[in-house]
1. If Lys189 meets every condition in (1) assigned to a helix (DSSP H, G or I); (2) at pLDDT 90 or above apart from one, which number is that one?
2. Could you tell me how many of the residues in the range 110-161 are among the small types (Gly, Ala, Ser) and loosely packed, with under 12 Cβ neighbours inside 10 Å?
3. Which numbered condition trips up Pro53, out of (1) assigned to a loop (DSSP other than H, G, I, E, B); (2) without any contact (Cβ under 8 Å) to a residue 12 or more places away in the chain?
4. Need at least 1 residues that are at pLDDT 90 or above per element, so show me which helices (runs of 4 or more DSSP H) inside the range 57-113 make the cut, counting only ones lying wholly within it.
5. Within the range 3-18, does at least one residue satisfy the condition of being modelled with pLDDT of 90 or more, surrounded by fewer than 13 Cβ atoms within 10 Å (Cβ to Cβ) and within 41 Å of the chain's Cα centre (by Cα)?
6. Looking at the range 1-60, which of its residues are among the hydroxyl-bearing types (Ser, Thr, Tyr) and within 16 Å of Lys76 (Cβ to Cβ)?
7. Please specify each residue of the range 114-150 satisfying the condition of being under 28 Å from the mean Cα position of the chain (by Cα), closer than 10 Å to Arg103 by Cα and touching a residue at least 40 places away in the same chain (Cβ under 8 Å).
Amino acid sequence: MAKILMPKATAVWLLENTSLTFKQISDFCELHMLEIESIANGEVVNKMPGINPINNKILTIDEIKKCEKNSKLNLKLTKTQLPKPKKIAKGAKYTPIAKRQERPGAIKWLLKEFPSITDNEICRLIRTTKNTVDSIRNKSHWNYENIITKDPVKLGFCNEKDLNKISEIHKKDDETKTNNVIEEMSNEKSSNENDELEKV
């Protein structure tokens, strides 16, 4: 059962306004039976005002009456008609200022390890700008000669899982390109051999 807000105050109202058993109230409010008994005896809540679960739309009058007639039944929460809250996409992870100067090294490492990687993929992976990636790719970055290549995972710019995804994508691309080059060379060689045979 989903948890209810302010279970003790709800229990107070149910004890004062219904003939439900301690067990029914205990199960619904997710409170121990002894705690319900203490609330009923006024030992716990110290005149805590009760909260009406009907007004809060977590119970209906019909549900309460049904359970009052049969002590073996458990109260059931009213199904809300409100839409479920949408998950908010996480924003870019904050990068400490001290580490930002090491980002070009991570970009250079990625370009070296995966030559076919796109600017957008690098931007998403280590949260940088396209201009920075472009300047390092074209070797026009103002400090290019002094940039030291460093693994972005060790620098904390991305996790190993995300890097492995990039690795799998571009290893396949590189293998495909290599196979295409080999096939072209093989076809060219066969063509040259056939030309020589025709001449003979």
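The values are calculated or read from the model by the stated rules, or taken from the named source; none is laboratory data. All of these numbers come straight from a predicted model, not from anything done at the bench. Don't worry about glycine lacking a Cβ; one is built from the backbone with ideal geometry, like all the others, and counts go over all protein chains shown.
1. Here Lys189 meets the rest and fails (2).
2. 1
3. Failing condition for Pro53: (2).
4. Answer list for the range 57-113: 61-69, 103-113.
5. Taking every residue of the range 3-18 in turn, none turns out to be modelled with pLDDT of 90 or more, surrounded by fewer than 13 Cβ atoms within 10 Å (Cβ to Cβ) and within 41 Å of the chain's Cα centre (by Cα).
6. So the first thing to find is which residues in the range 1-60 are among the hydroxyl-bearing types (Ser, Thr, Tyr), and the list is 10, 18-19, 21, 26, 38, 60.
Thr10, Thr18, Thr21, Ser26, Thr60 - these are the residues of the range 1-60 that are among the hydroxyl-bearing types (Ser, Thr, Tyr) and within 16 Å of Lys76 (Cβ to Cβ).
7. Selection gives Lys150 alone.
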